[in-house]
Amino acid sequence: MVNAANGLTALRLALVPVFVGLVISSEMVHSGWRVAACLTFVVAAATDLVDGWIARRWALVTSFGKVADPIADKALTGTALVLLSWYDRIPWWITVLILVREFGITLMRFWVIRYGVIAASRGGKAKTAVQTLAIVWYLWPVPESVAWVGPWILGVAVVVTVLTGLDYVVRALRLRRAAP
């Protein structure tokens, strides 16, 4: 259970309260604290890429990692979205939509697990990447002259989130129907 991949997952979980503290300190108006919060988020998000690669590369996949990794991902992304909505950077409906999709897909995966595993798709990985990009954009103190880019990135994140969610639902239903 103690290995590099799980250590990175634990680090991601440990960085969530640090990230929260930095965002709150910034009040989303103090550039230095916003940069620190953004960099903390980037480091935490990067651990998701690295821990999965390490686990697969060196056959370090564990039951702990299978459970803790998605929890850490949702804790980091969900916290970031809630904070960005709290500070009026992104609309609450977007945060709610993304969180409902994330938790709904997780519950659905548990619902069909006795019939098979629904592996992460390329679309799911693209969803994570574009959500991360949107969060980073809104955390970083971008100049007003380019602030218009943020809603476009966020819009792409919402579309990809919804489409991949529908794809997972279709895959789960097919898996369930194919089961004896």
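Side notes on the structure shown:
- Enumeration of residues in segment 85-120 that are closer than 23 Å to TYR138 by Cα and hydrophobic (A, V, I, L, M, F, W, C): TRP86, ILE90, TRP92, TRP93, ILE94, VAL96, LEU97, ILE98, LEU99, VAL100, PHE103
- All positions within segment 87-132 that are outside any loop (DSSP other than H, G, I, E, B), out of contact with any Lys or Arg (no Cβ under 9 Å at 6 or more places or on another chain) and open to solvent by 90 Å² or more (accessible area, probe 1.4 Å): TRP92, TRP93, VAL100, LEU107, PHE110, ARG122, LYS125
Here is a yes/no grid of residues against (1) over 20 Å from ALA129 (Cβ atoms); (2) in a helix (DSSP H, G or I); (3) touching a Phe, Trp or Tyr at 6+ places or on another chain (Cβ under 7 Å); (4) open to solvent by less than 30 Å² (accessible area, probe 1.4 Å):
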position: MET1; (1), (2), (3), (4): yes, no, yes, no
position: THR9; (1), (2), (3), (4): no, yes, no, yes
position: VAL43; (1), (2), (3), (4): no, yes, no, no
position: ALA46; (1), (2), (3), (4): no, yes, no, no
position: TRP53; (1), (2), (3), (4): no, yes, no, no
position: ALA68; (1), (2), (3), (4): yes, yes, no, yes
position: LEU84; (1), (2), (3), (4): no, yes, yes, yes
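- Restricting attention to segment 133-147 and to residues that are assigned to a helix (DSSP H, G or I) and touching a residue at least 60 places away in the same chain (Cβ under 8 Å), the residue that is nearest to LEU22 (Cα to Cα) turns out to be LEU139.
- Residue in segment 14-23 that is assigned to a helix (DSSP H, G or I) and under 20 Å from VAL130 (Cα atoms) present: yes
- Any hit, segment 152-159, residues being of a type in the set (A, V, I, L, M, F, W, C) and within 20 Å of GLY21 (Cα to Cα): no
- Top-ranked residue of segment 133-180 - restricted to ones that are of a type in the set (Ser, Thr, Tyr) and modelled with pLDDT of 95 or more, ranked as most open to solvent (accessible area, probe 1.4 Å): SER145
- Long-range neighbours under 7 Å by Cβ, at least six apart or interchain, first residue more than 27 Å from HIS30 (Cβ to Cβ) within segment 87-107, second among the aromatic types (Phe, Trp, Tyr) and open to solvent by less than 80 Å² (accessible area, probe 1.4 Å): ILE105/TYR168
The values are calculated or read from the model by the stated rules, or taken from the named source; none is laboratory data. From a predicted model like this one, the values you see are computed outputs, not experimental measurements. Note that each Cβ is placed from the backbone with ideal geometry, even for glycine, and that neighbours are counted across all protein chains shown. Accessible surface is based on the protein model in full, side chains and every heavy atom, while ligands, DNA and RNA are left aside. Shrake-Rupley method; radii C 1.70, N 1.55, O 1.52, S 1.80 Å.
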